[in-house]
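Okay, structure first, notes after.
Only the coordinates and a few stated rules stand behind these numbers; no lab work does. Values in this document were obtained by computation on a predicted structure and should not be read as measured data. Every residue, glycine as well, gets a Cβ built from its backbone with ideal geometry; the counts of neighbours run over all protein chains shown.
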Amino acid sequence: MHRRAFFKTSGSAAVALAVGGCASRIGPQTTPTQAVRRRLVNLVPVECSMDRIIRTTVGLRPTRKSGFLLRADRLDDKTVIHNFGHGSEGMTLSWGTGFLAADLAMAHTDRRAAVIGCGIVGLTSARQLQRRGFDVTIYAMAVPPNTTSNMSGANFERDTLESPSEQTRRAAEIAYREHQLLVGSGYGVRWLNVYTLGNDVPAAFAAWVAAAPPGLVGALMLGPGEHPFGTKYAFQNSQMSFEPSIYLDALMRDVLTFGGRIVVRAFETPRDLMALPERLIVNCSGLGAKALFGDDELHPVKGQLHVLVPQPEVNYRVSPGMTPRSDGIVLGGTAEAGVWTLDVNEEAKKRIIGRNAAVFNAMRPPLVGVPITGLGTPAPVPGVDRSS
Ligand SMILES: Cc1cc2nc3c(=O)[nH]c(=O)nc-3n(C[C@H](O)[C@H](O)[C@H](O)COP(=O)(O)OP(=O)(O)OC[C@H]3O[C@@H](n4cnc5c(N)ncnc54)[C@H](O)[C@@H]3O)c2cc1C
């Protein structure tokens with residue numbers, strides 16, 4: 001069972017391990033009955049109100065019902081390797097699908113490749129190709145900060161490690177390792193404790209953690225009095241998050257450092273690709289692949305984010321919907337399938353702010369004299385120079 005799903009379970013049967021005055025830490029190395037005493041969780045609430053919104057962003061997730069497309073096709077004398085349609089998991093899977101796309105490229109004799117697209121999938125594919133010795137040029141009609149990838153909630157979706165699709169699982173495993181090597185302010189990748197809140201401990205919880213799904217780390221069920229939230233229980237685990245504006249810029253820099261080129265150019269039809277000098281093309285055009293290659297399955301799932309004034313002292317996530325970044329506190333949680341407009345959904349905006357205000361207004365203020373808990377300090381903004 002996925003983490004997202006288990007707090008939706010309404011079963012009121014409390015799991016004995018979760019209560020009794022001390023938190024229970026459960027993971028692959030411990031049995032569900034082991035309980036570990038630990039200090040109180042002390043966190044700083046988010047200051048959430050309409051007047052603290054500094055920007056709202058809207059992005060269209062490039063979604064395919066059967067999952068991302070990874071396949072090599074012939075187009076006259078060219079080979080086109082498709083790598084698009086990552087839906088709500090593109091930030092998570094990109095290094096992995098880029099690796100698999102580079103595997104396919106190795107079957108080609110040329111060591112010169114064109115990558116279409118400069119979002120997260122194009123950039124990571126370019127890097128994976130460069131690591132194997134390819135000379136890469138990225139062609140894209142939009143580059144960061146103007147890609148869908150820049151509008152992303154950008155958390156590592158741990159569920160992908162349990163995907164029923166072997167291809168997705170493989171991509172997720174590669175990406176999970178890769179992201180861990182990028183942790184730090186240079187790439188804007190960091191670990192955060194994530195809290196999922198509820199008033200019942202779902203009966204499914206014990207079975208779920210006992211199964212020790214891959215990537216479930218730092219799992220802890222906090223009972224009444226052990227956490228600062230307004231609910232009875234808070235389930236904690238540790239996951240990775242990304243800051244797109246830092247991460248994408250760093251990847252562009254890497255592509256250029258390793259001899260790549262980035263060319264701003266739009267393609268209307270596959271025939272336009274014929275004019276490229278490269279015979280090997282990796283298509284990472286995201287939702288653009290629908291018009292460019294007529295992929296029937298590809299559709300948008302619109303999502304909007306509301307960003308509040310930064311609070312560097314907030315160093316945890318609340319699921320679903322709140323991720324702190326150095327460029328603001330990101331609140332989200334919308335998914336409108338089939339909607340192509342980038343207009344702000346005002347109803348959703350009120351709902352998101354209202355829901356989060358309720359969560360954070362109900363929080364206990366930080367305890368004086370008790371250290372703030374968490375996984376280190378928030379990532380500082382590195383010296384990215386946008387002026388050149
Ligand atoms: C609100 C929101 C929250 C999200 N949260 C998460 C999350 O928590 N975790 C996660 O893993 N994912 C998340 N996602 C999904 C993730 O952001 C996407 O899957 C990912 O950004 C897709 O990347 P991409 O490179 O395929 O597409 P894009 O970023 O859209 O890049 C496509 C590139 O192709 C270029 N292009 C397209 N058509 C053409 C053309 N005809 N000619 C030339 N160039 C073209 C574009 O200009 C662009 O450079 C979220 C998305 C949204 C909107």
The range 236-388 shape via C-alpha gyration tensor axes, a/c threshold 1.5 = oblate
Please work out how many pairs of lysine residues in the chain are eight or more positions apart (or on different chains) and have Cα atoms closer than 16 angstrom.
-> 5
Give the long-range amide H neighbours of VAL282: residues separated by 5 or more places, or on another chain, with amide H under 5 Å away, using H modelled in the peptide plane at 1.01 Å from N.
-> ILE81, ALA114, VAL115, ILE116
Taking every eigenvalue of the Cα gyration tensor of the range 228-284, multiplying by 5 and rooting it, what semi-axes result, largest first, whole Å?
-> 42, 17, 10
Calculate one ³J(HN,Hα) per residue across the range 116-123 by plugging θ = phi - 60° into the Karplus curve 6.51 cos²θ - 1.76 cosθ + 1.60, and present them in order as whole Hz with x for glycine and proline.
-> 9, x, 10, x, 4, 6, x, 5
With the contact rule set at Cα under 8 Å and sequence spacing of 6 or more, what percent relative contact order holds for the chain?
-> 27
Between VAL217 and ALA266, what length in nm is gained on full extension when 0.36 nm per residue of separation is reduced by their alpha carbon distance?
-> 13.4 nm
P(r) over all Cα-Cα pairs of the range 77-120, 10 Å bins from 0 to the longest distance, whole percent per bin, short to long, reads 23, 56, 19, 2
For the chain, what is the largest minus smallest coordinate of the Cα atoms on each principal axis, given in angstrom and ordered from greatest to least?
-> 69, 45, 37
Assuming a ≥ b ≥ c are the square roots of the Cα gyration tensor eigenvalues, decide whether the range 177-245 counts as rounded (a/c under 1.5), prolate (otherwise, with a/b larger than b/c) or oblate.
-> oblate
Tell me, what is the FRET efficiency for ALA275 and LEU367 to the nearest 0.05, using R0 = 45 angstrom and their Cβ-Cβ distance as r?
-> 0.10
Sorted from largest down, give the three principal axis spans of the alpha carbons of the range 115-210, whole angstrom values.
-> 53, 28, 24
Using only the alpha carbons of the range 256-325, determine the length spanned along each of the three principal axes and report them from longest to shortest in whole angstroms.
-> 51, 37, 17
Rounded to whole Å and sorted largest first, what semi-axes of the equivalent ellipsoid does the C-alpha gyration tensor of the range 43-109 yield via the square root of 5 times each eigenvalue?
-> 39, 14, 10
So what is the relative contact order of the range 221-368, in percent, for Cα pairs below 8 Å that sit 6 or more residues apart?
-> 21
Taking other Cβ within 10 Å of each residue's Cβ, how do HIS82, HIS306 sort, fewest first?
-> HIS82, HIS306
Can you give me the relative contact order of the range 112-246 as a percent, contacts being Cα pairs under 8 Å and 6 or more apart?
-> 25
Residue-averaged 222 nm ellipticity for the chain, from DSSP H runs of 4+ at -39500 (n - 2.57), nearest 500 = -7000 deg cm²/dmol
Rounded to 0.05, the calculated FRET efficiency for the beta carbons of HIS108 and GLU173 at R₀ = 22 Å is 0.30
Pick from PRO324, PRO228, PRO214: which is most flexible by mean-square fluctuation in a GNM of the chain where alpha carbon atoms under 10 Å apart are linked?
-> PRO214
